[in-house]
Amino acid sequence: MSLNITTRGLDGVLAIDIEGKLDTTTSSGALEVLLQQLQGDPPSVLINLAPLEFVSSAGLRVILRVAKRVRAYGGEMKVTGAQGVVKEVLEISGFDSLLSLYDDEDQALAAFN
Amino acid sequence: MHIEIANALEEVATVVGTLEVFCDNASLEKSTAQAAELALDELLTNIISYGYVDDSRHKIVIDLEIDSHALTLLVSDDGIAFNPFEHELPCCEQSVEQLEPGGHGIRLVKTLMDQCAYQRLEGKNIVTLQKRLSQPVTRR
C-alpha cells in the first residue's frame, strides 16, 4: 500500500499518522479518509508526517483542505514530523509559515491551547 | 529509458515508480531521486489534467537519461501549447484561508530541479528537466 492513514487519541487530541506517499494517485482517497476522521469535529488535530516519504502538490491540497476544515469548525491543527523532501516541499510552497509546524510530537502537543 | 503512456492520471504512479527504479539502479542519492519523482508527478498531472481539449486518447512520451553529471527527464505531449515555466507563481499568502490549492506544482518543479526548459516543436510541448548529480553514478 502506498499510503496508510491511522489515528490515535492523545489526551483529547486526535493524532493522525500519514505514512507512505501522498501524491496524485493517493490524494483523493486520502482526503476522503481524513474528512471522515474529522467527523465529530475534534477541536484539536495533530497531523503526524514523520512516516510520510513523499508529498506532491496534490498532497499539499489535501493538507490544506484538512486545515481549513478544522479551522472552519473552530478547531486547532498542528503538523509534526515533516522531514527530508516533505519538509522541503512544505517550505517551498510557503505552508511552513502558515501551518503550525513542529519537529516532534511532544512540542506540538504542548502547544495546544 | 523510453516510456510511452496514455493521458490518464492512473498512469502517473506507474511512470513515477519506473523512475524510482531507474534512479535506484543508478544508485542516485535519495534526495535527487525524490526531487525528480516529484517533478515528473507534477508535470504529468498538469499535462493530463489541463493539456487536452478533447476526450481522445493521447500519447505522452517520457525519456529518462543519466550521465556522470545529471539526470535528465524529457517529456513530450501533443496537448495545447503551454509553457509551464513562464507563468507567475502564487506567493505571499498571509493565512491558511488565503492559501490557494493551485500553482504550487510548477513552483516545486522549478525549485527542486536545476534546469527547466520548454519548447514547442512540430505541434508538441517538449519539457526538459535536469537535476545535477552531487556524486558520480555507479551503475549496478
Original post:
Where residues in the stretch B:8-34 are of a type in the set (S, T, N, Q) and more than 13 Å from chain A (Cβ to nearest Cβ), which of them is nearest to A:THR26 (Cα to Cα)?
Top reply: B:THR18
Original post:
Which of the residues belonging to the stretch B:35-64 are in contact (Cβ under 8 Å) with a residue 40 or more places away in the chain, more than 10 Å from every other protein chain (Cβ to nearest Cβ) and open to solvent by 50 Å² or more (accessible area, probe 1.4 Å)?
Top reply: B:ARG57, B:LYS59
Subject >> Residue selected from the stretch A:12-39 under the condition out of contact with any strand residue (DSSP E or B) (no Cβ under 9 Å at 6 or more places or on another chain) and outside any helix (DSSP H, G or I), by the criterion least open to solvent (accessible area, probe 1.4 Å) >> reply: A:THR24
**OP:** Considering each of B:THR14, B:THR32 in turn, give the residue that is open to solvent by 70 Å² or more (accessible area, probe 1.4 Å), polar (S, T, N, Q) and either farther than 28 Å from A:LEU52 by Cα or in contact with a strand residue (DSSP E or B) (Cβ under 8 Å, 6 or more places away or on another chain) (or both).
**Re:** B:THR14
Original post:
Within the set of pairs 6 or more residues apart or between chains, which connect a residue that is within 7 Å of chain A (Cβ to nearest Cβ) and over 8 Å from B:ALA39 (Cα atoms) inside the stretch B:100-115 to a residue that is part of a loop (DSSP other than H, G, I, E, B) and modelled with pLDDT of 85 or more with Cβ atoms less than 6 Å apart?
Top reply: B:HIS104/A:SER93
Subject >> helices (runs of 4 or more DSSP H) completely within the stretch A:58-113 that count 2 or more residues being more than 28 Å from B:VAL109 (Cα to Cα) and over 13 Å from the mean Cα position of the chain (by Cα) >> reply: A:105-111
Subject >> Residues (of a type in the set (Gly, Ala, Ser) and touching a strand residue (DSSP E or B) at 6+ places or on another chain (Cβ under 8 Å)) located in the stretch A:85-113 >> reply: A:SER100, A:ALA108, A:ALA111
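The values are calculated or read from the model by the stated rules, or taken from the named source; none is laboratory data. Nothing here was measured: the structure is a model prediction, and the numbers come from that model. For neighbour counting, all protein chains shown are included, and Cβ atoms are generated from backbone atoms with ideal geometry for every residue, glycine included. These area figures cover heavy atoms from the full protein model, side chains too; ligands, DNA and RNA do not enter into them. Shrake-Rupley method; radii C 1.70, N 1.55, O 1.52, S 1.80 Å.
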